[in-house]
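What follows is one structure encoded as structure tokens, with my remarks underneath.
Every number in this text was worked out from the coordinates using simple rules, so none of it is lab data. Predicted, not measured: the structure shown is a model, and the values here were computed from it. Here the Cβ is made from the backbone with ideal geometry for all residues, glycine too, and neighbour counts use every protein chain on show.
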Amino acid sequence: MFKGQPKGLIAAALANMGERFGFYTMMAILTLFLMSKFNLTGTEAGQLYSIFYGAIYILALVGGIIADRLRNYKGTIIAGLITMSAGYVFLATPALITSKYIALGALLIIAFGNGLFKGNLQALVGQMYDNDQYRSKRDSGFQIFYMFINVGAMFAPFMATWVRNTFVKMQGYAYNADLPGMCHQYLDGKMTEDVINGKFTELATSVSGSLPSNLTDFAHSYLNAFNTGFHYAFLTAVGAMLISLLIFLFTKKILPNPQGKSKSANVVSKEEIKQDAKEIKQRILALFAVFGVVIFFWFSFHQNGLTLTMFAKDYTLLGGLFPSVEIFQSINPFLVVFLTPIIILIFNALSKRGKEPSTPKKIAIGMGIAALAFIVMAIGSLGLPLLKDVTAQGALPDELRITPWLLFSVYFILTVAELFISPLGLSFVSKVAPVHLQGLMQGGWLAATAIGNFSLFLGAMMYENISISITWTAFVTVCLLSMLAMFAMVKWLERVAK
């Protein structure tokens with residue numbers, strides 16, 4: 001799997017692990033934190049979540065422009081890691097995060113740091129394969145890169161959950177996913193007497209070890225413990241960022257080094273001479289066509305940190321291998337690491353037989369696989385009550401909750417789709433982008449992801465207002481339409497890529 005790969009590949013992947021660790025810390029707890037800390041509905045939390053995740057990727061376009069102008073990718077990457085660390089420290093300080101707008105400010109600091117970092121590191125990885133020695137290994141190289149950056153992500157949800165639960169336990173309570181929402185409902189005077197005397201009192205007694213003498217005091221105390229625990233959980237991302245910074249500083253010498261505008265930087269390379277204006281236009285059009293398709297994949301896929309997380313909290317039976325809501329976010333990075341070698345082997349076997357699909361065709365297939373995931377989710381959700389009915393009764397009884405293996409199977413299928421789309425899309429961009437626009441076009445891929453992410457809150461709106469199964473059917477529809485559009489463009493994209 002590693003044979004014939006450039007030596008800087010693993011170093012770049014290890015340097016990216018901290019960013020992925022922080023990303024999956026956010027994926028695991030951000031929605032839950034916003035709802036618990038600021039008493040937000042899923043739609044309101046979804047709006048902040050969408051702004052943050054959209055900003056992460058749209059600012060990658062800005063980061064690409066900065067690096068391309070300065071021709072200093074490595075310096076921009078280092079600045080990005082430091083900025084992200086500062087944002088996580090801000091978010092981890094309870095005394096500073098006193099409103100949702102201040103929280104959004106901290107999130108945007110993290111997003112800006114990510115924009116400086118993410119696309120530019122991917123551009124450096126792409127430059128490794130501009131060497132004729134490694135050119136044929138581009139697709140598998142990006143798959144290996146994608147696998148290794150997810151190693152850190154596997155542990156992020158566990159670490160964040162452990163920190164939060166440990167702090168809650170230090171305050172004399174046990175973890176319960178339903179209680180923050182119920183505490184807010186009780187304090188707002190929106191809870192019926194039946195629920196107060198029944199489910200709420202039962203859970204309050206369970207997490208406290210004895211019947212609280214005053215439910216109002218309990219509600220305030222539990223929310224404070226829960227939310228402060230969330231704040232401290234963000235510190236785990238700071239540690240991961242610092243480790244990534246050290247790795248990058250020690251290994252940057254073996255990465256491509258296009259920094260510094262000198263006289264030689266103004267000399268047109270042989271590859272740029274080959275790319276005349278007409279070809280460059282075709283390449284840019286092809287990239288924008290692919291960007292347009294993958295918007296809908298990310299709109300669907302990144303529901304994992306929003307509506308799928310909400311589903312885990314509201315409708316899923318927790319326990320056993322899945323003791324808390326956040327743990328579901330470790331499934332995707334674990335499967336990326338586990339499945340990537342298998343998919344590489346399959347593609348290599350097909351390549352030897354001359355039957356390996358082209359990169360555009362793989363992306364189209366990936367969209368179909370994503371549609372399958374939401375078909376499974378829609379079928380598994382048939383018959384579930386509306387969220388407003390669940391909220392009215394405090395929480396859904398355990399006997400009516402869905403097995404956690406439904407979410408596991410959906411994450412499994414979505415991960416396969418991701419492996420057909422994300423690393424291969426990055427490879428396609430690095431291959432097709434004009435030489436002098438590598439950073440900008442990598443930023444363009446991430447900007448397409450941003451557009452999908454800015455729309456994520458629409459999933460939360462559907463989740464809170466219509467049938468759960470119909471909500472998932474909407475994602476089936478957009479994925480299938482994107483698949484058909486991609487298949488319609490395959491031959492053209494294959495010609496441009498040559």
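I want to make sure I understand the PRE zone here: with the label point 7 angstrom from the Cα of GLU279 toward its beta carbon, which residues in segment 119-138 have backbone N atoms less than 20 Å away?
From segment 119-138, the list is 126-138.
Mind giving me the nanometre distance, one decimal, between the label points for PHE338 and ASP194, set 7 Å out from Cα along Cα→Cβ?
Roughly 4.2 nm, to one decimal.
Report the FRET efficiency, 1/(1 + (r/R0)^6), for ARG135 and LEU321, where r is their Cβ-Cβ distance and R0 is 45 Å, rounded to 0.05. Please list the in-between numbers first.
Values: r = 43 Å, r/R0 = 0.95.
The value I calculate is 0.60.
Which FRET efficiency, nearest 0.05, do VAL435 and PHE408 yield, Cβ-Cβ r, R0 60 Å?
Details: r = 43 Å, r/R0 = 0.72.
The calculated FRET efficiency here is 0.90.
222 nm [θ] for the chain, helices only, -39500 (n - 2.57) per DSSP H run of 4+, per residue, to 500?
Working: 19 runs with 367 residues, N = 498.
Calculated from helices alone, the mean residue ellipticity at 222 nm is -25000 deg cm²/dmol.
Which of ARG495, ARG164, ARG401, ARG138 has the fewest other C-beta atoms within 10 Å, and how do the rest follow up to the most?
Details: ARG495 10, ARG164 28, ARG401 16, ARG138 21.
Ascending number of Cβ neighbours within 10 Å: ARG495, ARG401, ARG138, ARG164.
Pull out the extension gain between LEU246 and SER469, defined as 0.36 nm times the separation in residues minus the alpha carbon to alpha carbon distance; nm, one decimal. Kindly include the intermediate steps, with their values, before the conclusion.
Details: separation 223, 0.36 × 223 = 80.28 nm, distance 4.60 nm.
Length gained between LEU246 and SER469: 75.7 nm.
How much length is gained if the chain between THR205 and ILE82 is pulled fully straight, taking 0.36 nm per residue apart and subtracting their Cα-Cα distance, in nm to one decimal?
Going from the current span to full extension adds 39.9 nm.
Taking amide H positions as placed 1.01 Å from N in the peptide plane, with prolines and chain starts having none, which residues 5 or more places from THR316, or on another chain, fall under 5 Å of its amide H?
It is ILE402, by chain and number.
Work out how much length LYS253 to GLN393 would gain on full extension: take 0.36 nm times their residue separation and subtract the Cα-Cα distance, in nm to one decimal.
Values: separation 140, 0.36 × 140 = 50.40 nm, distance 5.98 nm.
This chain segment gains 44.4 nm when fully extended.
What whole-number volume per residue, in cubic angstrom, does the convex hull of the C-alpha atoms of the chain give? Provide the component values of the computation, followed by the final result.
Numbers: hull volume 66.7 nm³, N = 498.
It is 134 Å³ per residue.
Using the charge dipole of segment 398-498 (Lys, Arg: +1 at Cβ; Asp, Glu: -1 at Cβ; taken about the Cα centre), state which of TRP405, SER467, ALA417 has its Cα farthest towards the positive end.
With unit charges placed on the Cβ atoms, the residue in question is ALA417.
Just check segment 273-347 against the gyration tensor rule for me: Cα atoms, a ≥ b ≥ c as the square roots of the eigenvalues, rounded for a/c under 1.5, and otherwise prolate or oblate depending on whether a/b exceeds b/c. Present the calculation step by step, with values, prior to reporting the outcome.
On the way: a/c = 5.14, a/b = 2.15, b/c = 2.39.
It is oblate, given that a/c is not under 1.5 and a/b is not larger than b/c.
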